[in-house]
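Everything on this sheet refers to the single structure shown next.
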Amino acid sequence: MSTLKAQVAKSFGNAAKLYHSRAKVQSLSAQALLQGHTLKGQVLDLGCGPGGYLFEALAPQSQCQYFGLDLSLDMLKTHQGERKIQGDAEQLPLQNAAIDAIVSNMAMQWCQLDALAQECYRVLKPKGRLLSAIVCQGSLSELSRIGMSVNTLPSRAKVESAFTQAGFQLSIEMQTLTVEFDSPKALFQSIKGIGASSTQSNCQGLKGKRWWQQSCAALEQQGLTLSYQVALLYAEKLPQ
Ligand SMILES: C[S@@+](CC[C@H](N)C(=O)[O-])C[C@H]1O[C@@H](n2cnc3c(N)ncnc32)[C@H](O)[C@@H]1O
């Protein structure tokens with residue numbers, strides 16, 4: 001595993017135990033993603049984390065054989081599913097044309113999308129389906145507005161081109177999801193507590209207590225909300 005991947009896995013692993021209580025937006029995006037869609041056969045949840053809405057919605061369905069894959073072993077340890085694999089979504093430890101459907105919620109933005117899209121295409125059966133909610137550029141604008149840095153996120157155009165070039169026929173629906181908090185601490189925990197805070201988490205230490213207090217005050221003044229621009233990607237593997 002590369003150093004960067006190991007850091008991502010460690011960061012998410014540290015967040016595993018408290019993940020469910022802080023992952024509000026993940027629940028909203030997963031519900032939006034599955035709404036009106038039925039899946040059958042072997043369904044792979046890429047970047048499954050500790051489970052969450054996709055697992056809860058799909059695993060009990062008799063027509064689905066759910067299994068989860070994640071980079072972080074600690075995340076998988078807290079996942080209650082029976083079938084779990086530790087692995088990298090960009091180098092899937094699976095045979096060609098083995099899977100009927102891929103689902104993924106709030107995970108693909110951590111990946112190199114071209115490599116990921118090619119791997120998804122490789123492991124899906126012909127006409128296999130892919131449903132993914134991906135956090136895109138423009139998210140967490142509330143943090144940018146007060147001068148905090150936000151991880152680099154893909155644009156909608158990048159998502160579209162990566163999956164089209166890999167051989168998928170697709171549609172993308174953009175949704176803005178907004179979550180409210182009752183304190184700046186809860187707001188920051190919602191990002192840090194899900195392991196997604198590699199740029200924010202260092203801020204307090206690097207810039208000092210005063211800067212931190214000013215950031216919290218600025219947030220309280222503008223409103224304790226975070227908004228996410230989420231691409232809901234619906235794709236089908238076209239036969240070559
Ligand atoms: C924000 S969490 C989402 C978890 C879950 N899908 C949910 O709905 O709550 C992102 C997950 O993606 C995983 N992840 C990040 N990069 C990955 C990669 N290259 N391969 C597999 N999993 C990855 C992380 O370890 C983390 O568990």
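Readers should treat all values here as calculations from the given coordinates under stated rules, not as data from a laboratory. The structure presented is a predicted model; accordingly, all values stated were derived computationally and were not measured. Note that each Cβ is placed from the backbone with ideal geometry, even for glycine, and that neighbours are counted across all protein chains shown.
Within the chain, what is the longest stretch that has no trypsin sites (Lys or Arg not before Pro) placed in a DSSP loop and near at most 16 other beta-carbon atoms within 10 Å? Maximal segment without exposed cleavage sites: 84-240.
The C-alpha atoms of the chain define a longest principal axis, and helix 113-123 lies at about 30 degrees to it.
Principal-axis analysis of the Cα atoms of the chain puts helix 3-15 at an angle of about 70° to the longest axis. Placing +1 on each Lys and Arg Cβ and -1 on each Asp and Glu Cβ, with no other charges, gives the chain a dipole about its Cα centre of roughly 420 debye. A Stokes-Einstein calculation at 4 °C with viscosity 1.567 mPa s, built on the Kirkwood radius of the chain over Cα pairs, returns a diffusion coefficient of 71 µm²/s. The slack between Met1 and Gln165, meaning 0.36 nm per residue of separation minus the straight C-alpha distance, is 56.4 nm.
Residue exposure proxy: Leu113, Leu18, ordered by other Cβ atoms within 10 angstrom of their Cβ from fewest to most, comes out as Leu18, Leu113. Taking 17 Å as the straight-line reach from the Cα of Lys127, the aspartates and glutamates in range (excluding those fewer than 8 positions away in the same chain) are Asp100, Glu119, Glu236. Largest GNM mean-square fluctuation across Leu116, Leu226, Leu28, computed for the chain with C-alpha springs under 10 Å, falls on Leu28.
Of all DSSP-defined beta bridges confined to the stretch 31-116, some 10% are antiparallel rather than parallel. Taking every alpha-carbon pair under 8 Å whose residues sit at least 6 apart, the stretch 78-150 reaches a relative contact order of 35 percent. Net charge near Leu130, counting Lys/Arg +1 and Asp/Glu -1 over other residues with Cβ under 10 Å of its Cβ? With Lys, Arg at +1 and Asp, Glu at -1, the net is +1.
With 18 Å as the limit on Cα-Cα distance, the pairs of Lys125/Lys237; Lys10/Lys192; Lys5/Lys125 that go past it are Lys5/Lys125. Based on the Kirkwood approach, the hydrodynamic radius assigned to the stretch 1-139 is 15.0 Å, with every pair of different Cα atoms included.
For the stretch 67-178, just say rounded, prolate or oblate: build the C-alpha gyration tensor, square-root its eigenvalues into a ≥ b ≥ c, call rounded for a/c under 1.5, and beyond that prolate if a/b exceeds b/c, oblate if not. Oblate, because a/c is 1.5 or more while a/b does not exceed b/c. Shape class of the stretch 1-75 from the Cα gyration tensor (axes a ≥ b ≥ c, square roots of the eigenvalues): prolate, since a/c reaches 1.5 or more and a/b is larger than b/c. For the chain, the 222 nm mean residue ellipticity estimated from helices alone, with every DSSP H stretch of n ≥ 4 adding -39500 (n - 2.57) and the total spread over all residues, rounds to -11000 deg cm²/dmol. Quick one: helix 209-222 against the long Cα principal axis of the chain, what's the angle to the nearest 10°, folded into 0 to 90? That helix lies at roughly 70 degrees to the long axis.
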